[in-house]
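For reference, the structure is listed below as structure tokens.
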Amino acid sequence: MLNKPHNMALAHPNKKFWNWGPLFFSSFFFFPLLTNWQSLSVGDITAQLAIYSFFVFLYGIALYKKGESVTPSLAAMALLCCLGTYVTYGTHSLFGFIGFFCGFNYRRKQSFMMMAALLAVIFISAFLFVPVKSMYFVSPAAIVSLGLFIFGMMEQRERFHREQQAQSQQQIEQLGAIAERERIARDLHDLLGHSLSSIALKAELASKLTKAGANEQASQESAQVAQLARSLLSEVRQAVSGLKQVGLYAQLDVLVKRLQDAGFIVEQSIEKVSLSAEQESNLCFIFKEAVTNIIRHSKGKYVKLQLSTQRGSVNLDIQDDGVVKKYQSGNGVEGIKDRALALQGKCHISTDSGMAINIQFKELVT
């Protein structure tokens with residue numbers, strides 16, 4: 001589930017430099033120490049080092065606090081800076097870090113309230129501990145805090161958008177994986193369903209013929225079962241290792257060769273068409289199923305295969321000149337219709353002069 005923009009930690013999990021690098025600018029804390037160190041006692045120097053060290057410690061805690069849970073750490077940082085101003089006015093360089101957290105960790109309304117509270121702490125610190133040079137303390141502290149407050153809000157929004165994009169991409173990949181699994185399941189169903197049904201029916205018939213004493217006929221049915229199983233094994237191997245590797249156009253060459261080996265005269269008119277991987281896969285199975293049906297059932301001798309495009313529309317035609325006495329839509333034809341639907345196209349099947357299949361769908365826009 002995506003984090004809300006006010007429920008994120010500032011720390012980058014794998015970017016330690018970006019977590020601690022900004023502390024480089026806190027080195028201005030030591031400016032008063034470097035300019036007046038000769039007049040400072042050991043106790044003053046030790047106190048300033050202790051203030052800075054404790055601030056860095058609190059900063060490290062705040063880095064990993066999500067959303068409003070950072071409030072106690074920010075309150076401790078603000079109190080430390082306020083009281084530390086009694087020791088050194090270099091604390092004006094530390095208030096800005098608190099401002100960034102105010103902009104990043106809170107909802108918009110709460111972030112402005114926290115920023116107002118921080119400005120109040122800055123003015124109180126100046127009033128209590130540096131009344132003579134209050135403007136020299138308040139101006140840089142307030143300006144830097146307000147600037148980093150705005151940057152904190154911008155970082156919050158950018159981080160949230162990046163996480164939204166990452167989640168959207170992940171969802172797209174998940175949907176793609178689901179679609180691919182469904183496509184594979186459909187492919188296997190189209191490929192195996194009809195053949196396995198035929199094998200089961202013939203095996204049952206062979207068993208009944210054996211029981212009836214018709215051993216010769218039973219032997220013929222058993223031989224046909226073996227032949228169907230071998231053909232199915234060959235088709236599965238083609239589906240697994242052939243279709244994706246050789247692509248649509250190479251697959252069409254294989255199918256044309258199969259038709260010619262079966263004694264058909266093939267006329268083909270195949271244009272190069274812009275297709276997505278899913279479209280190409282669906283066309284492979286449509287051509288393959290149609291050619292398989294022609295070889296098994298057609299009594300004709302002439303086959304026409306056509307793939308063309310016009311005005312952004314892809315047109316597919318598969319036709320043979322066999323005589324169709326009785327048309328019945330079986331698993332193969334239903335599989336072709338399902339593929340046409342997957343292409344978001346229209347499928348028209350005619351048996352007036354042989355079997356003619358026409359499918360139209362939109363070309364992939366590149």
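The values are calculated or read from the model by the stated rules, or taken from the named source; none is laboratory data. Given the structure is predicted, the values throughout are model-derived calculations rather than measurements. Cβ placement follows ideal geometry from the backbone for every residue including glycine, while neighbour counts extend to all protein chains displayed. Accessible surface is based on the protein model in full, side chains and every heavy atom, while ligands, DNA and RNA are left aside. Shrake-Rupley method; radii C 1.70, N 1.55, O 1.52, S 1.80 Å.
Things worth noting here:
- Residues of segment 272-303 classified as open to solvent by 70 Å² or more (accessible area, probe 1.4 Å), at pLDDT 90 or above and of a type outside the set (Phe, Trp, Tyr), total: 1
- For segment 126-138, a tally of residues being open to solvent by less than 40 Å² (accessible area, probe 1.4 Å) and at pLDDT 85 or above returns 4.
- Residue among Gln310, Gln328 that is of a type in the set (S, T, N, Q) and modelled with pLDDT of 85 or more: Gln310
- Selection within segment 350-366: residues that are at pLDDT 90 or above and either within 20 Å of Gly322 (Cα to Cα) or open to solvent by less than 80 Å² (accessible area, probe 1.4 Å) (or both). The member of this set that is farthest from the chain's Cα centre (by Cα) is Ala356.
- Qualifying residue in segment 282-293 (condition: outside any loop (DSSP other than H, G, I, E, B) and more than 28 Å from Leu196 (Cα to Cα)): no
- Odd one out for Gly67, checked against (1) farther than 21 Å from Ala142 by Cβ; (2) modelled with pLDDT of 95 or more; (3) open to solvent by less than 50 Å² (accessible area, probe 1.4 Å): (2)
- The one condition in (1) buried (at least 23 other Cβ atoms within 10 Å of the Cβ); (2) closer than 15 Å to Pro22 by Cβ that Cys81 fails to fulfil: (2)
- Filter pass, Gln268 being of a type outside the set (Asp, Glu), open to solvent by 60 Å² or more (accessible area, probe 1.4 Å) and either assigned to a helix (DSSP H, G or I) or at pLDDT below 85 (or both): no
- Restricting attention to segment 9-19 and to residues that are within 23 Å of Arg157 (Cβ to Cβ) and free of Cβ contacts under 8 Å to residues at least 24 places away in the same chain, the residue that is surrounded by the fewest Cβ atoms within 10 Å (Cβ to Cβ) turns out to be Asn14.
- Taken over segment 29-52, the criterion of being open to solvent by 70 Å² or more (accessible area, probe 1.4 Å) and more than 15 Å from Thr85 (Cα to Cα) is satisfied by Leu34, Thr35, Trp37, Gln38, Ser39, Val42.
- In the condition set (1) more than 23 Å from Ala50 (Cα to Cα); (2) part of a helix (DSSP H, G or I), Val132 is compliant with all but (2).
- Looking across segment 246-265, just one residue is touching a helix residue (DSSP H, G or I) at 6+ places or on another chain (Cβ under 6 Å) and assigned to a loop (DSSP other than H, G, I, E, B), and that is Ala262.
- Checking each residue in segment 253-289 for being more than 29 Å from the chain's Cα centre (by Cα) and touching a residue at least 60 places away in the same chain (Cβ under 8 Å) picks out only Glu289.
- Scanning segment 93-125 for residues that are small (Gly, Ala, Ser), farther than 17 Å from Ala62 by Cβ and open to solvent by less than 40 Å² (accessible area, probe 1.4 Å) gives a single hit, Ser125.
- Restricting attention to segment 20-56, the residues that are of a type in the set (A, V, I, L, M), farther than 18 Å from Phe95 by Cβ and in contact (Cβ under 8 Å) with a residue 24 or more places away in the chain total 1.
- Here is the figure for segment 134-172: residues that are touching a His at 6+ places or on another chain (Cβ under 8 Å) and either of a type in the set (Gly, Ala, Ser) or without any contact (Cβ under 8 Å) to a residue 12 or more places away in the chain (or both) total 1.
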